[in-house]
1. Residues of the stretch 907-930 being in a strand (DSSP E or B) and exposed (fewer than 14 other Cβ atoms within 10 Å of the Cβ), which ones?
2. How many residues does the stretch 433-470 hold that are assigned to a loop (DSSP other than H, G, I, E, B) and either of a type in the set (D, E, K, R) or at positive phi (or both)?
3. Restricting to the stretch 664-696, name every residue that is more than 32 Å from the chain's Cα centre (by Cα) and either farther than 24 Å from GLY800 by Cβ or without any contact (Cβ under 8 Å) to a residue 60 or more places away in the chain (or both).
4. Do the conditions hold for GLY282, that is, is it of a type in the set (Gly, Ala, Ser) and either touching a strand residue (DSSP E or B) at 6+ places or on another chain (Cβ under 8 Å) or under 20 Å from THR323 (Cβ atoms) (or both)?
5. Looking for whichever is over 30 Å from THR50 (Cα atoms) and either assigned to a loop (DSSP other than H, G, I, E, B) or not acidic (Asp, Glu) (or both) here; the options are SER303, SER345. Which one fits?
6. Of all residues in the stretch 232-270, how many are of a type in the set (A, V, I, L, M, F, W, C), in contact with a Gly (Cβ under 8 Å, 6 or more places away or on another chain) and under 24 Å from ALA337 (Cα atoms)?
7. Could you list all residues from the stretch 371-391 that are within 30 Å of VAL435 (Cα to Cα) and surrounded by fewer than 21 Cβ atoms within 10 Å (Cβ to Cβ)?
8. With respect to GLY394, determine if the residue is out of contact with any Leu (no Cβ under 8 Å at 6 or more places or on another chain), surrounded by 19 or more Cβ atoms within 10 Å (Cβ to Cβ) and in contact (Cβ under 8 Å) with a residue 60 or more places away in the chain.
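The values are calculated or read from the model by the stated rules, or taken from the named source; none is laboratory data. In this text the structure is predicted, and so the values were computed from the model without any measurement. As a convention, Cβ positions derive from the backbone with ideal geometry for all residues, glycine included, and neighbour counts pool all protein chains shown.
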Amino acid sequence: MKKLLLTLISLIVVTAMAYSQRTVTGTVTSDDGELLIGANVIITGQTLGTVTDLNGHYSIEVPDNATELTFSYTGFEPLVVNIAGRSTVDVEMLEGVGLEEVIVTALGISRQEKALGYAVQEISSEEISRANTVSAIDALAGTAAGVQVTSSSGAAGAPSRIVIRGQTSFNGDNEALIVVDGIRMNNDENQTERSLGGVANSNRAIDLNPNDIEKVTVLKGAAATALYGIEGARGVVLITTKRGKGKGLSIDFSTGTTFSKISNVVGLQNTYLQGSNGVWQGPETGQSGSWGPHISESSWDGSPYKWDKNGRIVTDGTGTPFTPYDNVDDFYKTGVATTSNIAFSGGTEFGDYRLSFGYTDDNGITPLNEFKRYNVGLNMGTSLLNNKLKLRIGANYVNSGGRRVQQGSNTSGVMLGLLRTPISFDNSNGLEDPVDYTLEQAIAAGEGANAYQFLDGAQRNYRGGGGYDNPFWVVNNAPFNDRVNRFFGNVSASYEVSKWLSINAVLGLDAYSDNRVQRFEIGSRSVTGGQVIEDNYNYRHTDYYFSLSGGGHLSSDFTLNYNAGVNTYTERLKQNYIQGDALNFVGFMELGNTANISSQITNTNLRTLGIYGTLDLGFRDYLYLSLTARNDWSSTLIDPASNFNGSDISFLYPSASIGFVFSEFINWEGLSFGKLRASFAEVGGGAPSAYLTSTAWILPLQNAGTIDDLNDGWTNGLGFPYKGTSGFVKSGVAGNPSLTPSRTQDLEFGLDLRFYNRIGVDLTYYTRSSKDQIIAINIPNTTGFQRAVVNNGLLETVGGEIVVTANAIKKSNFTWDIGINFSKWKTTVESLPEGVPNQYLDGFTGTGIYNIAPEEREDGSIIVYEYGQIRGGAFQRVNTDNGTFDASQPYNSKGALVINDDPTSSGYGFPLADPNLRVIGNPNPDFLVG
């Protein structure tokens, strides 16, 4: 790498010295004579450029052999001007609709916006910077129609997920593919623990520095993403990083700070104390209920009591009046996130460079929760041989990680610990600094405990050490630390033989190590004997593209452009997992202090080979046809018994789109541009993981939270080695050698309108069908397995989008652009495998998120459910025509409650419980506005 950088720098310097230069100056104005400030002026075909000053004036040094300058300005038509033999060039630019702008599409192929037959949206670096977020994905929230960004939690370093136009897969992985400078970026989360509990592990998109992003292009429909083949079904986020601009050295520095507070919490009763039957029962009793005395009759007696400095609760009116503890408010704090960036950039007429440094320090609202990130980015390129040969290198190093806190459905989860704590127990033990106040300080002060721990090491919580952990115990005695070192980048080269033939090659690399340590002190409710886990991931993928491209005018009426290439993608992941159980003594949470150590090494390798081609035809600047095709071969779908027959894993993904600029034929006042567009495409969805075509043998570990654990879900269960004996078990998932990719077909129609060169309206309607879903189904235990993976099931999506933009004010020294986007879609489950009434996605005992198969009503009508419905316990409601409840019929949420009318029953007069789980909520948004 070091040699390559030195070579590129030398090429830039030597080449720059080999050419003589001259200066061209001038002024840039609009067609009404207004000076244009900040207009871009570049040497045509090169990266060297400048911008106009406050007087609309520019000055640029150009090689003697330069013949053209290109002028561009937001809201104006680009202008190419001949400068041969001229030293002063004044230009007048015409307002335009912006559709001559070049858009980066799939595989980095550039096309004119007006030629596209599908919906695409771009987000500028200015929009991303204004968001001032730690995660680049969070910065995209609300910026594009059909794009849903959700953060998994409010914790520092928590993952954010981006979904485009709803769901296409039953397996839960519906996040968009992220591509940086033409190379796929790994965005895995790699959970060490169960999805419902554990900590909020970052997904790897958080390693991107938002300040390094020049623009983001969102490819939504299948026609836009078909060139990504087996990975194209979920939509694609194309990220283009910043490059050097202008002549000489430019230094940019920015810093920003954001503050966060907990937005809302579940309302808690504030009337009754811990206990039962109106009698107070303290923590030492292990009582979990809050049916003790009423707050109005309770007081503290002030007696010595190790569980509360205010003493015990009495109801005889002799003590100090009781005031409820506000454990939630005492625990959470104001989060502070600071980001700082500095970048050095510049260029010559033959090359450009940009070197950036970024630092992010995010301290969350939960005590001791933090995330830090260090970024270094380099982007440099050069043009040689009269701009026929172009070389570019992009390199990024990231060091990120921090300290995370237990959450979710978890006896060590801080929120559950707070919600379970009664109003009569003080988690902080009256301390001003309950987080950092140590046992040593407590001893020095003559106290028997700090906020969460007694001097003997036992936990201080509301149930005498049982129940749920004291949240202050969790942040101190159940820490999760992680550190990621990552490098990603690419090297590209292109050589233009002629306008009809360019040879292009890109090699990308993404590699990281993710080292994690989870510790639980003795007495933690999740693992009472204590535990230490070291979980290390080493990941690497290479992404290589080689293509031939070219194009031009076939005649005065027709244009043709093509691109044909090959892509190889190789991915390797190695996980080293070491688990130590049963700490020998308190105060030393390391593997060397555990009685039982087990380990597991997992290697995952996969490869995809693709060939692709595009053909773009244009007719008289108003009719455009684009055809693409990609064929993929994927190792994840190989049948081990087929001797790796390539024809068995070959899958073709075609697309066609058309754009018709009808405004060329009509003369409506105010209509600057009008285009109809339509597209059809088919893309794929690969296997959710490798090796599903064969059955594996697994080394089960205690309390690892996977399907292959030998446990009952409540105890630590059985693991190997067991009493000194090693062993493996057959995986609970049966392999399926006949698996194929899921198939997603997409039909899209759109209308683009521009009025007075200042107002834009973009309307889109689409339908999508995702079939042959790869889904895990439960099978009888008599088969020797718990689940099997099959191709089955169908998802249907119907949606629409509206994007309105307006240039409200346009002056030489001030512009104001406004925009709004609206999107709505509905993804329904049209079928599940036969005999499977529902598919569990996530949740807890009795309540969860499910995909539900269509249900037939008593009258023969069919109920079709949206993707991912919340099912839980419910009361019986009338759901038949005769005014009764029938458990075999679909639930009627608006039906009258069925009341227990048996006077001999203990539940007499109360609603009856439904014996089935029913749909009680829908987590899908009604619509999105941004």
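1. Result: ALA913, GLY921, VAL929.
2. 12
3. Scanning the stretch 664-696 gives GLU664, PHE665, ILE666, ASN667, TRP668, GLU669, GLY670.
4. So GLY282 fits the description; yes.
5. Of SER303, SER345, the one residue that is over 30 Å from THR50 (Cα atoms) and either assigned to a loop (DSSP other than H, G, I, E, B) or not acidic (Asp, Glu) (or both) is SER303.
6. The number of residues fulfilling the criteria is 2.
7. Listed by number, the residues that qualify are LYS372, TYR374.
8. No; evaluated as a whole, the condition is false for this residue.
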